[in-house]
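The values are calculated or read from the model by the stated rules, or taken from the named source; none is laboratory data. Keep in mind the model is a prediction, meaning the values are calculated, not measured. Using ideal geometry, Cβ is built from the backbone for each residue, glycine included, and neighbour counts are taken over all protein chains shown.
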Amino acid sequence: MRAVLIAAAHKSSGKTTLAVGITGALHRKGHQVQSFKKGPDYIDPMWLSLASRGSCYNLDFHTMDAEAIREMFSLRSRVADRVIVEGNKGLFDGIDVEGSDSNAALASLLDLPVVLVIDAVGMTRGIAPLILGYSKFGAELDIVGVILNKVGGIRHEQKLRRSLEYYTDVPVLGAVGFDKTIGIKERHLGLMPTNELPSAQQKIKKLAQLASSCIDFDKMFPRDRTSTASPSISARGITKDVRIAVATDAAFGFYYPDDLEALELAGAQIVPFSAIEEKELPDADGLFIGGGFPEECGELLSANKALRMEIRGRLESGFPAYAECGGLMYLCRSIVWNSDYFEMVGFFPADAVMNENPVGRGYVHLRETGLSPWPGTAKGQEIFAHEFHYASLKGIPDSTQYAYDVIRGYGIDGKRDGVVLENLVANFAHQRNIGNNLWAERFVEFVRSVKRQKINYFN
């Protein structure tokens, strides 16, 4: 197995675009590619997953300790012959001033060679001190090369190459010309997610062809390494005694693959459905609506009144459900965006109003209130998650109960998160099933207990 971490000098260098192209090119060359994304991102992993035709997993210092990161990396890489880890922001960026949560720290932890993507716009000889500085600042790192991005032409590329060859020992792995058509369209949360772009596969094909023509893959992967992971636990053979309907469409697509796997390992059969197209819920014992962009699909979601009314009726009768961010917005009375008003499920009597700037953004630190209906709820237990939402809730009833107090972050009102209503828990925070926060197991057990109660009642 050969692996690299793809990083950059700063955000918006084209790192994700090239990482997707490289991943797609390796897959098309016949390699078994495993991709990872540093941090709590959903959208970049969707592109990397599509490019590799396999799940992309997140490696996040905030929700995972060092041992969990190493275990996740080793376990998921065990059958791959090429591994791509895409960083976030710049190589040395992070919350901790000492860099303990940086891309460089991740590369050191996993013993990964580093490939630097450099936005070369407006730069010639100045690239040399930049690379020298990065090499000295991260002396423990193995920077195997740079990819010059947004190059202005042959002469520009030659000047950059000559400067690096004259002043440094860091080789150029490739050069990509400036081309507005190769970028992935962005919006307020970053890249457009693949579930909203029917042309995503064509975009990946174009990026893969570009990467194949511009980048030296042999130099990119300088050394072999072995995986010491034990065989993974498979959901095959596990009795799946509950069915959980999971919203999966253009409006809702933010799910960690390992969380979905955890639901299955806990005994749940995942039943995907579209909140846009399907008029009724599939046969299921519980409901999970993750994050996404329901505001972008507001008109379509609102038009599907039959499903909205069914979901509301089920929730009012005690149907167990969990929702995150966009899912919470969908279960509210409405979504309001500028002059548009979209009627939603209406189970939680509040309105989700889109704001011009983010309301909650970044890592969150939560403390359980003990009011969650899930088994294993322990008042005072602390969990770590993340949030990124432009929406705020208006008209929240004073009687609302919450599953979490917010220690760091914003949540629903700056102090609390996790609406508890009947058998629903719904929060702006995106949780991760890892460490002491095994939310997937707890939710499945809750769905199972509600199902048993219903069976016993009717018998």
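Worth pointing out:
- In segment 56-114, the residue that is surrounded by the fewest Cβ atoms within 10 Å (Cβ to Cβ) out of those that are among the acidic types (Asp, Glu) and closer than 20 Å to Met220 by Cβ is Asp111.
- Residues (part of a loop (DSSP other than H, G, I, E, B) and either under 20 Å from Gln431 (Cβ atoms) or outside the structural domain of Phe388 (by TED's automatic domain parsing) (or both)) located in segment 252-298: Tyr255, Tyr256, Ala266, Gly267, Gly290, Phe293, Pro294
- Among (1) under 17 Å from Pro294 (Cα atoms); (2) part of a loop (DSSP other than H, G, I, E, B), the one test that Leu371 misses: (1)
- Filter result for Asp249 (under 19 Å from Lys451 (Cβ atoms), part of a loop (DSSP other than H, G, I, E, B), of a type in the set (Asp, Glu) and without any contact (Cβ under 8 Å) to a residue 60 or more places away in the chain): no
- Residue count for segment 268-295, restricted to those that are under 24 Å from the mean Cα position of the chain (by Cα) and either over 21 Å from Ser392 (Cβ atoms) or surrounded by fewer than 18 Cβ atoms within 10 Å (Cβ to Cβ) (or both): 12.
- Of all residues in segment 105-130, those that are farther than 12 Å from Val170 by Cα have Cβ atoms under 7 Å from Cβ atoms of residues that are exposed (fewer than 15 other Cβ atoms within 10 Å of the Cβ), 6 or more apart or on another chain, in Ser108/Glu140; Leu109/Ala66; Pro113/Pro222.
- Residues located in segment 381-397, provided they are assigned to a loop (DSSP other than H, G, I, E, B) and either closer than 17 Å to Gly346 by Cα or of a type in the set (Phe, Trp, Tyr) (or both): Tyr390, Gly395, Ile396, Pro397
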